[in-house]
1. I'm told GLU64 meets every condition in (1) modelled with pLDDT under 95; (2) farther than 23 Å from PRO181 by Cβ; (3) crowded, with 16+ Cβ neighbours inside 10 Å except one. Can you identify the failing condition by its number?
2. Taking the residues in the stretch 43-70 that are in a helix (DSSP H, G or I) and within 24 Å of PHE125 (Cβ to Cβ) as candidates, determine which candidate is farthest from the chain's Cα centre (by Cα).
3. Here is a list: PHE100, PHE125. Which entry is under 14 Å from the mean Cα position of the chain (by Cα), among the aromatic types (Phe, Trp, Tyr), at pLDDT 90 or above and under 21 Å from ASP54 (Cα atoms)?
Amino acid sequence: MTKGQPSILVCQITLCRDNACIVSTAFFCKLVQNQLFMKAIIKNILLVDDSENDVKLIKAALEEAHFGNEIIVAEDGEEALDFLYKRGKFVNDSSEDPVFILLDIKMPLMDGIEVLKIIRADDTFNKVPVIMLTSSRDSGDMQACYDSGANSFVVKPVNIGDFMMVVKELGQYWVVINERP
């Protein structure tokens, strides 16, 4: 390693919050000009999907990747907004805005595109990355998502192994690699 060139090391760290501790190996340290900086990412991930099977697979993939982020699950668009606005069952929730949102399109009560429009219209949440993770291959859905401010549109792979890999890569990008203001 040449002095002044960045390198990435994997570190193990124990984080405690609300009397619960986790040990994670998904925290990356950057060694830049002989200084060690810790990038501790502990914000929640909001997963909005009405499919119990997809929720189980997504949670398993993100947990396997050891990011250390709590995964909040909302089963429909209204529940997602309840989490963001701290209403209903989330009225006493004190967590910060999520590091990113995985949002399905086709859901009961309120679909993902409507949720996305509400999020993007609110200055409080309009910078939170929203990834549309959907089974829809409809080009109209894709266009509507991007027109409404989606950061990404990802079609859920049918193969379980591919599905898990895609979710892990999404997590890796949005939790570890992406830099937010």
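1. For GLU64, the exception is condition (3).
2. Filtering the stretch 43-70 for residues that are in a helix (DSSP H, G or I) and within 24 Å of PHE125 (Cβ to Cβ), the one farthest from the chain's Cα centre (by Cα) comes out as ASP54.
3. None of the others qualify; the one that does is PHE100.
The values are calculated or read from the model by the stated rules, or taken from the named source; none is laboratory data. Predicted model only: the values in this text are computed from it and were never measured. Note that we place each Cβ from the backbone using ideal geometry, even for glycine, and neighbour counts take in every protein chain shown.
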